[in-house]
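Here the structure comes first, spelled out in structure tokens, and everything after it is commentary.
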Amino acid sequence: MDTLSGFTRPIQICDVTVDTKRQNRKISYAVRTPSSAMGSNDPDKLVAKADKLTKLSLTRWSADWKSATVLYEQAANAFRVARQYENAKEAFEKASKGQEMISSPWDAAKHMESAAALAKELRKWSEVADFYRRASELYFECGRSQPASDALAKGARALEEADPDGAIQLYADACSILEEDNREQMAFDLYRAATNVYIKVEKYADAATFMLKLGLAADKSNATNSQFKAYLSAIVIFLYAHDFKEAEKCYNDCSQIDAFLSSDQYRCASKLLSAYSEGDVEEIKRVAQSSTISHLDNAIIKLARKLPTGDVSSLKTDTKEVEEPLDENDLT
């Protein structure tokens with residue numbers, strides 16, 4: 001600060017050499033730094049200025065959302081760089097609203113995703129779900145089903161550990177969006193992800209159900225390999241849960257598909273169920289190590305490698321024919 005010159009703001013001292021016929025002289029002079037350059041990048045001030053632009057007053061009869069949105073975006077990025085995540089999240093929320101107000105739902109969705117990512121950093125899980133859902137809705141307004149589904153999937157992945165049930169619901173909704181747009185094939189990984197979450201929380205019946213939904217989606221997409229893997233996976237899950245009756249029912253239902261009967265997955269499932277029916281533990285373990293099982297998803301392979309999980313001796317069926325007792329009064 002130069003107090004002698006009378007300046008109250010920072011100044012820059014510049015040296016200029018002046019050549020004349022008589023002498024060389026160095027002249028120093030001061031340049032005042034514009035006050036507008038100071039604090040122009042202060043995110044708090046940017047937000048405050050933007051807020052004023054969106055509020056009506058006696059001198060402002062309409063909100064200037066276009067100018068305000070630019071300021072909110074600048075503030076959000078500045079807060080994020082400064083690792084002030086709470087402030088950054090709120091600024092991105094306001095920027096998203098601003099983009100909505102100026103009829104730009106795509107950019108509004110992008111900002112909402114940024115807010116969701118920051119909510120994840122702050123471990124505010126309910127906001128994570130809400131923001132990704134809102135982003136999905138905004139993408140859907142643009143007529144873009146894939147980004148709408150992707151936003152829900154991002155939210156689901158973020159919630160898998162903290163809120164498994166919430167994650168599963170987001171995965172299910174993400175699948176529904178693609179199904180409604182006849183893009184079932186793009187949902188395969190989402191069905192698998194939801195199944196994995198169900199397995200982690202030991203909801204095996206639900207996990208098997210999601211595998212069968214994958215099988216249905218694969219059938220509509222003519223993806224027979226994925227379809228038959230899904231059928232075998234569902235059977236393995238039921239067996240891991242030691243629910244032989246459901247495994248057998250699933251096997252019988254899937255066997256109604258003619259193409260399945262000639263597949264490796266069908267033969268593998270048949271061998272597994274036969275081994276269970278015979279109470280043959282060693283055969284169960286041998287089939288579980290087969291190459292057909294090895295080509296399933298990792299989560300399913302891990303379950304198969306642990307088969308059998310319970311006592312299978314009670315499942316053993318007596319194949320010997322039981323002779324009917326002789327009725328002496330029946331001479332026919």
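The values are calculated or read from the model by the stated rules, or taken from the named source; none is laboratory data. Treat the numbers as computed from the prediction; the structure is a model and nothing was measured. We place every Cβ from the backbone using ideal geometry, glycine too, and count neighbours over all the protein chains shown.
Values computed for the structure shown
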quantity: Exclusive hit being over 23 Å from residue 162 (Cα atoms) and surrounded by fewer than 18 Cβ atoms within 10 Å (Cβ to Cβ), set 220, 213; calculated: 220
quantity: Members of segment 226-267 that are under 20 Å from residue 201 (Cβ atoms) and not hydrophobic (A, V, I, L, M, F, W, C); calculated: 233, 240, 242, 243, 246
quantity: Filter pass, residue 113 being over 30 Å from residue 212 (Cβ atoms), in contact (Cβ under 8 Å) with a residue 24 or more places away in the chain and not hydrophobic (A, V, I, L, M, F, W, C); calculated: yes
quantity: Meets criteria (of a type in the set (A, V, I, L, M) and in contact with a Cys (Cβ under 6 Å, 6 or more places away or on another chain)) for residue 119; calculated: no
quantity: Considering residues of segment 269-297 that are closer than 13 Å to residue 230 by Cα and not in a loop (DSSP other than H, G, I, E, B) only, the residue nearest to the chain's Cα centre (by Cα); calculated: 293
quantity: Whichever residue in segment 89-107 is within 15 Å of residue 51 (Cα to Cα) and of a type in the set (A, V, I, L, M) and, among such residues, is farthest from the chain's Cα centre (by Cα); calculated: 101
quantity: Test: residue 205 is touching a residue at least 24 places away in the same chain (Cβ under 8 Å), surrounded by fewer than 20 Cβ atoms within 10 Å (Cβ to Cβ) and either among the aliphatic types (A, V, I, L, M) or on the phi > 0 side of the Ramachandran plot (or both); calculated: yes
quantity: Given (1) aliphatic (A, V, I, L, M); (2) surrounded by fewer than 18 Cβ atoms within 10 Å (Cβ to Cβ); (3) over 25 Å from residue 132 (Cα atoms), index of the condition residue 162 fails; calculated: (3)
quantity: The listed residue being of a type in the set (A, V, I, L, M, F, W, C), touching a Ser or Thr at 6+ places or on another chain (Cβ under 6 Å) and either assigned by TED's automatic domain parsing to the domain that holds residue 172 or buried (at least 22 other Cβ atoms within 10 Å of the Cβ) (or both), out of 75, 129, 82, 68; calculated: 68
quantity: Selected residue (only one of 58, 53 is of a type in the set (A, V, I, L, M), modelled with pLDDT of 50 or more and in a helix (DSSP H, G or I)); calculated: 53
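Yes/no matrix, rows are residues, columns are (1) at pLDDT 95 or above; (2) part of a loop (DSSP other than H, G, I, E, B):
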position: 6; (1), (2): no, yes
position: 13; (1), (2): no, no
position: 16; (1), (2): no, no
position: 47; (1), (2): yes, no
position: 76; (1), (2): yes, no
position: 83; (1), (2): yes, yes
position: 98; (1), (2): yes, no
position: 107; (1), (2): yes, no
